[in-house]
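The values are calculated or read from the model by the stated rules, or taken from the named source; none is laboratory data. Worth saying up front: this structure is predicted, and the values here are computed from it rather than measured. All Cβ positions, glycine included, derive from the backbone under ideal geometry; neighbour counts span all protein chains shown. In case anyone asks, the SASA skips ligands and DNA or RNA and just uses the protein heavy atoms, side chains included. Shrake-Rupley method; radii C 1.70, N 1.55, O 1.52, S 1.80 Å.
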Amino acid sequence: MTTTRSRHRLTITGLLGPFIVLFTLTMVLPLVYAIYESVTGIQRSGAFGQGGSSPVFVGLDNYITALGASAFVASLGRVLLFAVVQVPVMIILATALALLLDAASAWGVRFFRSAYFLPYGVPGVIASILWGFLYTPGLSPLVNFGSALGLNLDFLGGGSILWSIANIVTWQYAGYNMLVIVAQLKSIDADLFEAASIDGANAWQVITRIKLPLIRPAIVLTTVFTIIGTIQLFAEPLVLKPLSSAITSSFTPNLSAYNEAFANNNYNLAAAESVLLALVACAFSFGFLKLVTRGGSPS
């Protein structure tokens, strides 16, 4: 019995060991180091700081500085507004596409599934560059077409740039979320649909009373991923920044942390802003999970 237990423990250790090591190196240690950086500062000595520098413990000073900066607080509010609008649009679109593919005839499913998923294969930077051309006056056929109709389309203006970015994000990730939901749809027992048909259920009743309740775990999963990705918005505004004066160096919290670290060389404040952003992402993600599981498990 002891030998068998030892073998089981060795097997479990062998299977989990590489994951634990990789997770520690890529997730735990960077997080711990970021927290350490966020509670330290640089103390310089000598005239004009020429005597050298050393790290000192400053407690929550960096967090107070970050939360006291109106630009950083405004960037948090901006991504939260972005999430409130973009996350439901993304999930509704992905779910609708998944249901359409599930109901489509066999000959077109593979083509449209690949077509919807294709934008996800385009890196975010490249996608932003492509859409940047479509947003820029003088280059954009969309702007030219709008002008021909008497419409003044300004995709890069202060009132529209956030939603222009939302369009890029939705275009890129809706297909990925759709595939996750399609995979859950394919796992539903076909006998349920046959029984519903015998009972006289129409297509809408099958969707609302069978498909949507059974794909709820996939919808919850994709929503959590979308919330986290939306709050961490970075690549799209960074690429579009040279094209739009509405995008500042603190347009999003990630951009603000990036600017503090690599433009102002204030790594400690950048770490504090990053930790605050991580806390916001965790709060909204776990808050959403708590909300949807209040009446029971999503599975």
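In the set (1) at negative phi; (2) small (Gly, Ala, Ser); (3) in a loop (DSSP other than H, G, I, E, B), the condition left unmet by SER197 is number (3). As a summary of the residue check, ILE161 satisfies the conditions (1) out of contact with any Ser or Thr (no Cβ under 6 Å at 6 or more places or on another chain); (2) closer than 30 Å to VAL79 by Cα; (3) open to solvent by less than 70 Å² (accessible area, probe 1.4 Å); (4) modelled with pLDDT of 85 or more except for the one numbered (1).
Just to be sure I understand, how many residues within segment 166-185 are closer than 11 Å to GLY124 by Cα, among the hydrophobic types (A, V, I, L, M, F, W, C) and touching a residue at least 60 places away in the same chain (Cβ under 8 Å)? Spell out the reasoning first.
Initially, segment 166-185 is screened for residues closer than 11 Å to GLY124 by Cα, giving 168-169, 171-173.
Still in the running and among the hydrophobic types (A, V, I, L, M, F, W, C): 168-169, 171.
Restricting the remaining residues to those that are touching a residue at least 60 places away in the same chain (Cβ under 8 Å) gives 168-169.
The number of residues fulfilling the criteria is 2.
Across segment 291-298, a minimum of one residue is classified as open to solvent by 20 Å² or more (accessible area, probe 1.4 Å), modelled with pLDDT under 90 and either among the acidic types (Asp, Glu) or in a helix (DSSP H, G or I) (or both). Of the set (1) open to solvent by 20 Å² or more (accessible area, probe 1.4 Å); (2) modelled with pLDDT under 85; (3) on the phi < 0 side of the Ramachandran plot, all apply to LEU214 but (2).
Reported count of residues in segment 100-142, each being farther than 15 Å from LEU240 by Cβ and open to solvent by less than 50 Å² (accessible area, probe 1.4 Å), is 8.
Counting the residues of segment 256-277 that are of a type in the set (A, V, I, L, M) and free of Cβ contacts under 8 Å to residues at least 12 places away in the same chain gives 1.
A residue that is modelled with pLDDT of 90 or more, open to solvent by 40 Å² or more (accessible area, probe 1.4 Å) and more than 27 Å from CYS282 (Cα to Cα) occurs nowhere in segment 219-228. For segment 229-248, the set of residues classified as within 8 Å of the chain's Cα centre (by Cα) and open to solvent by less than 10 Å² (accessible area, probe 1.4 Å) consists of THR230, ILE231, LEU233, listed by residue number.
Conditions (1) among the hydrophobic types (A, V, I, L, M, F, W, C); (2) surrounded by 17 or more Cβ atoms within 10 Å (Cβ to Cβ); (3) closer than 16 Å to SER75 by Cα, marked per residue:
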| residue | (1), (2), (3) |
| --- | --- |
| ASP199 | no, no, no |
| GLN205 | no, no, no |
| SER250 | no, yes, yes |
| ALA263 | yes, no, no |
| ALA270 | yes, yes, yes |
| ALA283 | yes, no, no |
